[in-house]
Amino acid sequence: MDRWPLIISGHTSAAGRLGGIAVQILQDRLELLALELRETKIRFVQALLLASIGVAFLMLGLLLLVLVGVYILAPEWRLYGLVAAAAIGLLAGSGTFITLGRHLKRKQSAFDQSLTELKKDTACFSTWN
């Protein structure tokens, strides 16, 4: 008869330890998720700034090239100058957006580490030891 309270207390303490471990794992995963969210926001802001700077320089360069073409060239060559200025501006802008595309493809997906850790946790708890 005296064994039952010991068995029950042993089970409740094991359940309490297991619950504490589960809470600690959940806390670690949430901290990792918050860190990855912060990193994702930083990458998004960087990409947005790159795109904005690219557009601004594209427009500025195009405008300046058009103005130079208009003022320097002789009247019969002005049309060719405008076409060349437009082509150069479009190439510079395209280069900027190609660089942006490479930058976005190079980065890992959001929450990649959190998903990996959760898969490890699932594999760990689903095996029978």
Estimated vicinal HN-Hα couplings, Hz - the stretch 37-51 in sequence order (Karplus 6.51, -1.76, 1.60; Gly, Pro = x): 5, 4, 5, 5, 5, 5, 5, 5, 5, 4, 5, 5, 5, 4, 5
Estimated FRET transfer efficiency when R0 is 35 angstrom, pair residue 76-residue 103 (beta carbons, to 0.05): 0.20
Net lengthening on full extension, residue 94/residue 53 (0.36 nm per residue, minus Cα-Cα): 13.5 nm
Lysines whose Cα lies under 25 Å from that of residue 105, excluding same-chain neighbours fewer than 8 positions away: 41, 119
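Which shape class applies to the stretch 36-124: rounded if a/c is under 1.5, otherwise prolate when a/b exceeds b/c and oblate if not, where a ≥ b ≥ c are the square roots of the Cα gyration tensor eigenvalues? Kindly include the intermediate steps, with their values, before the conclusion.
Details: a/c = 10.61, a/b = 4.25, b/c = 2.49.
Because a/c hits 1.5 or more and a/b exceeds b/c, the stretch 36-124 counts as prolate.
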Distance in nm between pseudo-label sites at residue 119 and residue 87 (7 Å out along the Cβ direction from Cα): 4.9
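For the stretch 10-96, what relative contact order do you get, as a whole percent, if you take Cα pairs closer than 8 Å and at least 6 residues apart? Can you show the working numbers first?
Numbers: 32 pairs, mean separation 23.7, N = 87.
Reported as a whole number, the value is 27 percent.
Applying 1/(1 + (r/R0)^6) with R0 = 25 Å to the Cβ-Cβ distance of residue 60 and residue 38, what FRET efficiency is obtained, to the nearest 0.05? Write down the numbers at each step before the final one.
On the way: r = 33 Å, r/R0 = 1.31.
Here the calculated transfer efficiency is 0.15.
Here, each number is a calculation from the coordinates, and none is a lab measurement. The structure displayed is predicted, hence computed values, not measured ones. A quick note on method: Cβ atoms are made from the backbone with ideal geometry, for glycine too, and the neighbour counts reach across all protein chains shown.
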